[in-house]
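A short worksheet on the structure shown next.
The values are calculated or read from the model by the stated rules, or taken from the named source; none is laboratory data. Please read these numbers as outputs of a predicted model, since none were measured by experiment. We place every Cβ from the backbone using ideal geometry, glycine too, and count neighbours over all the protein chains shown.
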Amino acid sequence: MTGSAWIIAGLAAVGVLASFAWRFHSVARLNRRLTEQTAVLRTVLDNADQGISLFDADLRSVAFNDRYVELLGLTPELARVGVPFEKLVRFVAERGDYGPGEIKAQIRQRIANAQRPAPRNFVRQAPGGIIIDVRKNSIKGGGFVTTYTDVTDRVRAEDALSISEQQLSEAQRIGKIGHWRYLIDTHCFECSDAFYRIYGWDPAHYSASFAAISEAVHPDDRERIDAIRKDAGRRKAPYRCEFRIVRPDGEIRFVRGEGRPEFDDSGKIISFFGVNQDETEQKETEEKLLLERTRAELANRAKSEFLANMSHEIRTPLNAIIGFADIIEKELFGPVGNEKYAEYVGDIHASAAHLLDLVNDILDISTIEAGEMSLSPVELDLAELFEECARVVREQAREAKIRLMVRHPEESISVCADRRAIRQILLNLLSNAIKFTPPGGDVTVAAEISAEVFTISVSDTGIGIPAQHISTITQPFETGSDDPHTSTKGNPYVRSKGTGLGLAIVRSLANLHGGDIAIESEEDRGTTARIWIPRLKREAA
């Protein structure tokens with residue numbers, strides 16, 4: 001080879017070497033870029049909230065991130081590139097993630113699904129109760145990529161919402177309450193199934209609308225309800241109303257409705273939301289109760305008027321009987337003669353006096369119940385009134401061998417109340433206490449006063465009242481047996497010679513003053529009756 005040929009060959013070799021060097025440099029540069037991009041991709045994958053896995057056409061693991069390993073609960077042996085899909089599926093199946101069934105069949109089914117190119121999406125439960133949304137998509141050239149998303153919170157929230165909606169629907173069904181919303185711009189009317197039931201509409205064959213709702217309102221109520229709704233829209237305020245509706249079958253129902261406007265950010269009304277409740281049964285019950293109450297009031301008034309009239313009719317001859325018996329008993333017109341006559345006259349006098357007391361009690365309670373008793377408040381000196389009432393019952397106490405004590409503050413107690421009513425309260429309480437206290441016992445009357453109320457108390461050391469009867473002892477016309485200790489019916493604090501009206505009158509008179517009675521008692525230890533009455537201000541004449 002000549003020198004020039006060697007030169008040419010050398011230059012060619014240099015060119016080839018240069019070409020190889022350039023190509024090697026380019027490949028190295030590409031490798032560096034690939035490494036950099038792979039690192040970036042790995043960083044993205046590892047920081048993704050979703051689990052991601054990539055399997056090739058041979059169903060072997062190519063790539064995955066940490067979240068994938070975490071969500072599926074994989075062992076280190078399975079968290080490697082090149083792991084067969086079949087090995088992964090077997091691990092999951094044997095762990096029980098796929099539920100009951102033959103494991104081999106479960107594996108075959110999962111492999112067949114992975115080999116199909118069609119996308120797949122399903123939800124399954126992972127270890128620890130985690131719910132995962134799984135989405136598989138095929139990639140060009142074979143293989144597939146799968147994403148795993150933890151949807152536990154979302155699914156539980158959806159379940160809770162579903163349960164809440166079911167409970168709301170059931171509550172609306174039971175309470176006959178339906179909700180609705182009317183969108184002004186679209187004239188769209190949305191309502192619950194309960195709303196349809198209230199109006200007697202079948203949602204499968206009927207579409208509710210605002211016009212239909214207005215048309216269903218009873219003709220006599222329609223103008224009033226339209227005015228209420230328009231006024232609410234004008235005032236931008238909630239509204240409440242009661243009206244009647246006419247169902248398609250002609251049945252009339254009573255409905256209570258409440259609604260409120262809803263606004264956009266600019267303050268413009270965009271919709272109305274409200275609830276309607278079918279209160280037909282409630283209205284019917286109220287009407288029945290009102291009718292029964294009216295009947296009861298009329299019957300009670302008739303009874304009171306009858307008793308009042310009869311009491312007046314009976315009291316007149318009783319007064320004559322008592323007067324004549326008193327004259328004969330005192331022998332004002334000469335001696336009677338036979339002692340038996342005198343004894344009989346005494347019995348007549350005592351019996352007539354007792355009957356007159358009963359008639360007076362009946363007349364008093366009848367007058368109170370008929371609403372015909374009015375109060376005439378005056379300034380009262382309680383100490384003076386206590387002494388007066390004590391003098392009236394002192395002979396009764398002496399005959400029963402009862403010690404009667406009057407206790408009141410040293411200073412004068414002046415209150416404003418009806419004198420006759422307070423006097424009757426004291427006499428009834430004192431008479432009861434003496435009547436039911438065995439010989440040798442004590443009866444005490446006392447008073448307390450504060451800025452708001454004054455309290456009168458009458459205590460005894462008598463037979464007491466069974467606990468089960470205390471709540472009913474002040475009811476009118478309660479009666480008991482001759483033995484107050486063994487009586488199980490009626491009022492054990494009265495005897496056969498009484499009517500059980502004494503304490504009923506006391507309570508009624510206290511109630512007329514705006515007060516009440518409270519009774520504390522223990523069998524065989526005694527009873528304390530306390531009357532509290534607000535301190536009234538005497539009206540100017």
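A single entry from 297, 329, 281, 292 fulfils the requirement of being acidic (Asp, Glu), farther than 30 Å from residue 177 by Cβ, at pLDDT 80 or above and out of contact with any Ser or Thr (no Cβ under 8 Å at 6 or more places or on another chain): 297. Only one of 247, 256 is in the same structural domain as residue 199 (by TED's automatic domain parsing) and buried (at least 16 other Cβ atoms within 10 Å of the Cβ); which? Unique residue meeting the criteria: 256. Among the residues that make up the range 102-115, is at least one of them small (Gly, Ala, Ser) and assigned to a loop (DSSP other than H, G, I, E, B)? The answer is no, given that none of the residues of the range 102-115 is small (Gly, Ala, Ser) and assigned to a loop (DSSP other than H, G, I, E, B). In the range 504-528, the residues that are in contact (Cβ under 8 Å) with a residue 40 or more places away in the chain form Cβ pairs under 8 Å with partners that are charged (D, E, K, R) and surrounded by fewer than 17 Cβ atoms within 10 Å (Cβ to Cβ), at six or more places apart or across chains, as follows: 510/516; 527/520; 528/520.
Among the residues of the range 131-155, what is the count of those that are of a type outside the set (A, V, I, L, M, F, W, C) and touching a residue at least 24 places away in the same chain (Cβ under 8 Å)? Break it down stepwise before answering.
Restricting attention to the range 131-155, the residues satisfying the condition of being of a type outside the set (A, V, I, L, M, F, W, C) are 133, 135-138, 140-143, 146-150, 152-154.
If we keep only those that are touching a residue at least 24 places away in the same chain (Cβ under 8 Å) too, we end up with 141-143, 146-150.
Qualifying residue count, the range 131-155: 8.
Being among the basic types (Lys, Arg), at pLDDT 90 or above, in contact with a strand residue (DSSP E or B) (Cβ under 9 Å, 6 or more places away or on another chain) and closer than 15 Å to residue 144 by Cα narrows it down to one residue among 60, 110; which is it?
On the way: 110 fails: in contact with a strand residue (DSSP E or B) (Cβ under 9 Å, 6 or more places away or on another chain).
After ruling out the rest, the residue left standing is 60.
Return yes or no: is residue 316 modelled with pLDDT of 75 or more, part of a helix (DSSP H, G or I) and of a type in the set (Ser, Thr, Tyr)? Taking the combined requirement at face value, the residue does not satisfy it. Considering the range 192-210, and only residues there that are modelled with pLDDT of 85 or more and outside any loop (DSSP other than H, G, I, E, B), the residue that is nearest to residue 247 (Cα to Cα) turns out to be 199. Does residue 216 fit the bill of being under 20 Å from residue 188 (Cα atoms), loosely packed, with under 14 Cβ neighbours inside 10 Å and in contact with a Phe, Trp or Tyr (Cβ under 9 Å, 6 or more places away or on another chain)? No; evaluated as a whole, the condition is false for this residue. Filtering the range 240-281 to residues that are within 17 Å of residue 198 (Cβ to Cβ), of a type in the set (Asp, Glu) and out of contact with any strand residue (DSSP E or B) (no Cβ under 7 Å at 6 or more places or on another chain) leaves 249, 251, 281.
Residues in the range 386-405 that are over 13 Å from residue 441 (Cα atoms) and of a type in the set (A, V, I, L, M, F, W, C): 386, 389, 390, 392, 393.
Scanning the range 353-400 for residues that are modelled with pLDDT of 85 or more, acidic (Asp, Glu) and assigned to a helix (DSSP H, G or I) gives 384, 387, 388, 395, 399. Each residue in the range 497-520 was checked for being modelled with pLDDT under 90 and over 24 Å from residue 367 (Cα atoms), and 0 of them qualify.
If we only count strands (runs of 3 or more DSSP E) wholly inside the range 414-478, which ones have 3 or more residues that are among the β-branched types (Val, Ile, Thr) and either assigned by TED's automatic domain parsing to the domain that holds residue 382 or within 17 Å of residue 399 (Cβ to Cβ) (or both)?
Filter on the range 414-478 gives 442-449, 453-460.
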